[in-house]
Amino acid sequence: MNRRKALMGTLATFLAIGAGNVALAGTNYPAGLKMGYSGASGGSFAGKLRSSRKCKGGRRVAVYRSTPGSDPSIGSTTTSANGKWGIATGKPRRGDYYAKVGAKSAGGGIRCGGARTATTHVS
């Protein structure tokens, strides 16, 4: 009987340690980013960040022009509380553009994922 109690105590300890490790790992929320271009009102890029409510607002989104070598940023902005964003650019040069949002920690073990949009062609 003592052997059984010892085994159960050991098992309970391992389960408690395992649960603690899961809590330390935190929560990861993936992100998805969409972007479109409109030539109306001089030209602008706009889109939406899709993620957990905890990860939508206050995220920096940057728009880049695809070029050989390093891609220049043409502007950046911050997402609204519901994940919407927009950058007025005027008429950009003809070419391919994309937007990126970096990963960040939201505190309390919450990790917000980064994302990149598909390429949008401007003619």
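Restricting attention to segment 49-61, the residues that are surrounded by fewer than 16 Cβ atoms within 10 Å (Cβ to Cβ), outside any loop (DSSP other than H, G, I, E, B) and touching a residue at least 12 places away in the same chain (Cβ under 8 Å) add up to 3. Checking each residue in segment 35-62 for being within 19 Å of R94 (Cβ to Cβ), modelled with pLDDT of 95 or more and in contact with a Pro (Cβ under 9 Å, 6 or more places away or on another chain) picks out Y37, F45. For segment 72-83, a residue qualifies if it is surrounded by fewer than 15 Cβ atoms within 10 Å (Cβ to Cβ) and either closer than 13 Å to A46 by Cα or among the acidic types (D, E) (or both), and exactly one does: T78. Of all residues in segment 84-123, those satisfying the criterion of being surrounded by 13 or more Cβ atoms within 10 Å (Cβ to Cβ), in a loop (DSSP other than H, G, I, E, B) and touching a Gly at 6+ places or on another chain (Cβ under 7 Å) are T89, P92, G102, A103, G114, T117.
The values are calculated or read from the model by the stated rules, or taken from the named source; none is laboratory data. All figures in this text were calculated on a predicted structure; none of them were measured in a lab. Counting neighbours? That spans all protein chains shown, and the Cβs are built from the backbone with ideal geometry, glycine included.
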